[in-house]
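The values are calculated or read from the model by the stated rules, or taken from the named source; none is laboratory data. Keep in mind that this is a model prediction, so the values were computed, not measured. With ideal geometry, Cβ positions are generated from the backbone for all residues, glycine too; neighbour counts draw on all protein chains shown.
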Amino acid sequence: MATAPLRSPSLSERLYRDLLWLYPASFRRSYGCEMVQTFRDCYREERARGGALNIARLWSLVLSDLITTVCIEYWKTFITFFKSLTGLEKEFLMTSTILNLDVAQYTHIGHRASNEDNMTLYIPEDPQIMAKKGALFVVADGMGGHAKGDVASELAVNTIRDTYYQDTNEDILTSLRLAVEHANMLIWQKNEEILRYATSDEQKKMAMGTTCVATVLKNDKAHIANVGDSLVYVIHAGQVSQIAQSHELTTEQLRKGEITEEEAKKRGLTNKITRCLGEKSTVDVYVATETVQDGDTLILCTDGLWTLIEESEMCSIVEQYEPQESAKRLVARANENGGPDNITAVVVRVSLQS
Amino acid sequence: MNKAKREPEALLPLTPAVFHILLALADAERHGYGIMQEVALRTGGKMRMGPGTLYGSLKRMLADGLIEESGERPDPALDDERRRYYRLTDFGLRVAQAEARRLSELVHVAQFKRLLGGAESIGGA
């Protein structure tokens, strides 16, 4: 959160920063920067008063506080883990889990003439809507080569959001899939109109398409729907998993057994996808549900990001920084690595409190 | 977010750290160090919170809906670093009021039992 001070940190501050590694990772990631900042303020105050005694008194307070609160934070983490092992947590989650989300979204034009990526998020303030429908995050990548990629991606994210929250279906995945299918239908109908009235090849190129990945977070579940190669990653305890289904050509052919792993490696990833919104009147939407845990981080992103950053680097960034800073750094790294495409990242840190 | 309507009394009694933080935020938004300074000022330096206690409490208070973040900005009195500010929610204010009433009733009992000055007037002795 805070920008680093220009002056070099004191020895005390460096030591305190190192001691923060004793805390559970989720706590450290959420409050580590602020704690260092607060320690720095306290240190500055004591130093201004003068005398080594004041500094020693500060360290005495900080160390006893550290020992106590490290134990407390681990105890609370253990309790949550124990409840999840015994099944108590699941029962509790259904009744009174509070899902807190720290979210940041960031998009960059990359080295393109325009940005055809779009994103939206909706976290209902009404507890009843939140309990029923959860929080929604959507990222879409307007199709390269289509003249109105930005229109398609914007139409997709807005339609998915509006349709999802208007739908009264109790089943989240069904509701999410219907919302994506509805977005597909709207974009396809617009394309049909364009083609119907087109009088030149140039006008026919106005037909548009987009990828999309949508995620609903509700209690301890992440519900995913995606079409194309915009994906969603979950970072849990230093491990990265990609939980959407990539419809990039090589990946899809390998999954279907149409090519061997060797052939896939030889060809590498292409910039072609096997399905998108707007191409046909119907679309095959991939849907899945995953369990998330306290402290997990989700990254929804377009291929402008995930094709340019190793998963290990993705993990390293979100483990070190809060979502706001993580989103910026992820996009900056993709740009440093060439960034030929638009780059979009939505970073969501999950906090489950019982 | 996602907090069902709850009665403030359900969270009582509060820990000293949580009540002090609620009191510190009762009249102004403050950042973490600002909360520490306010608590130290109002208690004559008797209550000193370490960063672990402060942020552990803030974390649980955020989760309970007692406080909320009110953005980041520099504190002109300190330097140009951006700091995250916290403020009371309506629910947090009601919890602080309920805890203050609870403690006030205890103080009345203490006065009645002649543990504090002013017992004569209350106890009628």
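Here are the numbers:
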| read-out | value |
| --- | --- |
| Looking only at segment A:112-167, and only at residues there that are aromatic (Phe, Trp, Tyr) and assigned to a helix (DSSP H, G or I), the one that is farthest from A:Ile273 (Cα to Cα) | A:Tyr165 |
| Filtered residues of segment A:270-287 (kept if under 30 Å from A:Val350 (Cβ atoms) and surrounded by 15 or more Cβ atoms within 10 Å (Cβ to Cβ)) | A:Ile273, A:Arg275, A:Cys276, A:Leu277, A:Val283, A:Val285, A:Tyr286, A:Val287 |
| Residue count for segment A:175-204, restricted to those that are without any contact (Cβ under 8 Å) to a residue 60 or more places away in the chain and surrounded by fewer than 24 Cβ atoms within 10 Å (Cβ to Cβ) | 18 |
| Answer residue from segment B:42-67, given it is more than 8 Å from chain A (Cβ to nearest Cβ) and of a type in the set (A, V, I, L, M, F, W, C) and is farthest from B:Asp90 (Cα to Cα) among those | B:Met47 |
| Selection count where residues are not in a helix (DSSP H, G or I) and not charged (D, E, K, R), scope segment A:168-195 | 2 |
| Unmet requirement for A:Arg29, which otherwise passes all of (1) in contact (Cβ under 8 Å) with a residue 24 or more places away in the chain; (2) buried (at least 18 other Cβ atoms within 10 Å of the Cβ); (3) away from every other protein chain (no Cβ under 11 Å); (4) over 19 Å from A:Arg349 (Cα atoms) | (4) |
| All helices (runs of 4 or more DSSP H) inside segment A:235-343 with 2 or more residues being over 21 Å from A:Val216 (Cβ atoms) and polar (S, T, N, Q) | A:249-256, A:311-320, A:323-336 |
| Neighbours by Cβ (under 8 Å, 6+ apart or cross-chain): first from segment B:72-93, within 11 Å of chain A (Cβ to nearest Cβ) and under 15 Å from B:Ala28 (Cα atoms); second among the β-branched types (Val, Ile, Thr) and in a strand (DSSP E or B) | B:Tyr86/B:Ile67 |
| Residue within segment B:45-67 that is among the acidic types (Asp, Glu), more than 13 Å from B:His20 (Cα to Cα) and touching a Leu at 6+ places or on another chain (Cβ under 7 Å) present | yes |
| Any hit, segment A:88-98, residues being facing chain B (nearest Cβ under 10 Å), at pLDDT 90 or above, part of a helix (DSSP H, G or I) and farther than 21 Å from A:Tyr122 by Cα | no |
